[in-house]
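Asker: Would you mind keeping the following structure in view while I ask a few things?
Bear in mind these aren't lab numbers, they're just calculated from the coordinates by the rules spelled out. Computed from a predicted model, the values in this text were never measured in an experiment. Using ideal geometry, Cβ is built from the backbone for each residue, glycine included, and neighbour counts are taken over all protein chains shown.
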Amino acid sequence: MARGLMVSVLGASVLAALAVGGVAMAAVPANITAALGDIKRPPADSSRDVARKPAELLALAEVKPGQKVADFMMGGGYFTRILSPAVGPKGQVYAYQIGELIKMRPASGTDQQKVVADYANVTALNGPIAHAGLPEGLDLVLTVQNYHDLHLKAFPADNADTVNKEVFKALKPGGLYVIVDHAATPGSPLAVADSLHRIDEAIVKQEVEAAGFKLVAEDDKLLASPADAHDKNVFDPAIRGHTDQFILKFRKPK
């Protein structure tokens, strides 16, 4: 994997060093720090912060008050619940849950509605994966531990291409597409998306850049897990919650 960059702590400020071809330091801003302490966040979510590093990740994603952002394939809403207070009352969060998943597992739709009910600036989206319904003019599309799902056997072979084009269209010029996923062994075939729920980051780069994006930052250290040999399914109890993950930050050209 590409060389990751270091993270340091200076007093109460956490610094994330993430860049392509050089080191760029950015302090975690107050809106993100405050969002992590929001009283609406369930204790079960807060307890995962040490492992998931949301402060550093959202600083990298340049989350600011007043932005329009999408939590794409929101899962249980962990990041939706942070993004909502981080963008504030003048901002908007679109929490997307795959429509096909809701039909297959109705509880995922219930989880989505619970999150939406807690935050006035969160809108639920639940269209089919090929037509998610993302609005245009977004500042950020964030997807965490989900990109590999675009290559599941249940979806058409061109699913990732379709989704990346929709994300590109939805983002405003200069907008960001930030992807976090479970690392596969370099050179792994797409079949590991089904068997291990992982993906080779080189495939992600190729596919997203093909949609018109420019890779502007990457990191394989912030969410690294040396104990993960990349050979187990991410839901295996031996590795679940402690997988080796990569971060890729793409920008839509202005």
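Asker: For labels at LYS103 and ASN233 in the simple 7 Å Cα→Cβ model, what's the distance in nm?
Answerer: Label at LYS103, label at ASN233, 2.4 nm between them.
Asker: Relative contact order (percent) for segment 108-196, with alpha-carbon contacts under 8 angstrom and 6 or more residues of separation?
Answerer: Details: 83 pairs, mean separation 29.5, N = 89.
It rounds to 33 percent for segment 108-196.
Asker: Applying 1/(1 + (r/R0)^6) with R0 = 22 Å to the Cβ-Cβ distance of ASP49 and ALA157, what FRET efficiency is obtained, to the nearest 0.05? Write out the running numbers ahead of the final one.
Answerer: Working: r = 37 Å, r/R0 = 1.68.
Calculated value: 0.05.
Asker: Right, another one. On a full-extension model of 0.36 nm per residue, what is the gain between ASN121 and ALA191, subtracting their alpha-carbon distance, rounded to one decimal in nm?
Answerer: Values: separation 70, 0.36 × 70 = 25.20 nm, distance 3.78 nm.
That works out to 21.4 nm of additional length.
Asker: Roughly what % of DSSP beta bridges within segment 7-251 run antiparallel, to the nearest 5?
Answerer: About 50 percent, rounded to the nearest 5.
Asker: Dipole magnitude of the chain about its Cα centre, charges +1 at Lys/Arg Cβ and -1 at Asp/Glu Cβ only, in debye to the nearest 20?
Answerer: Numbers: 27 positive and 28 negative charges, 137 e Å.
Value, rounded to 20: 660 debye.
Asker: Mind checking segment 62-139 for GluC sites (Glu not before Pro) that DSSP puts in a loop (not H, G, I, E or B) and that have at most 13 other Cβ atoms within 10 Å? Could you put the intermediate results ahead of the total?
Answerer: Working: sites: GLU62, GLU100, GLU136; in loops: GLU62, GLU136.
The qualifying sites are GLU136.
Asker: Cross-link candidates for LYS40: which aspartates and glutamates have Cα within less than 19 Å, leaving aside residues fewer than 8 places away along the same chain?
Answerer: ASP49, ASP71, ASP111, ASP118
Asker: Near LYS232, which aspartates and glutamates are there with a Cα under 15 Å away, not counting those fewer than 8 places off in the same chain?
Answerer: Within reach: ASP181, ASP194, ASP200, ASP244.
Asker: Continuing with this model, one more query. Do you know the relative contact order of the chain, to the nearest whole percent, from alpha carbon pairs under 8 angstrom that are 6+ apart? Intermediate results must be reported in sequence, preceding the final value.
Answerer: Working: 512 pairs, mean separation 47.1, N = 254.
Here the relative contact order equals 19 percent.
Asker: OK, next. Taking LYS221 as the anchor, which lysines have their alpha carbon closer than 19 Å to its alpha carbon, excluding any fewer than eight residues away along the same chain?
Answerer: By straight Cα distance, LYS221 reaches LYS53, LYS205, LYS249.
Asker: Another question, if that's okay. Around ASP236, with a cut-off of 14 angstrom between Cβ atoms, what is the net charge of the other residues, counting Lys and Arg +1 and Asp and Glu -1? Provide the component values of the computation, followed by the final result.
Answerer: Details: positive: ARG198, LYS232, ARG240; negative: ASP228, ASP231, ASP244.
My count for the surroundings of ASP236 gives 0.
Asker: Can you bin segment 105-254 into rounded, prolate or oblate? Criterion: square roots of the alpha carbon gyration tensor eigenvalues sorted a ≥ b ≥ c, rounded for a/c under 1.5, prolate for a/b above b/c, oblate for the rest.
Answerer: Details: a/c = 1.57, a/b = 1.21, b/c = 1.29.
Note, shape of segment 105-254 comes out oblate.
Asker: Rounded, prolate or oblate: which fits the chain when a ≥ b ≥ c are the square roots of the eigenvalues of the alpha-carbon gyration tensor, with rounded for a/c under 1.5 and prolate only if a/b beats b/c?
Answerer: Values: a/c = 1.22, a/b = 1.04, b/c = 1.17.
Note, shape of the chain comes out rounded.
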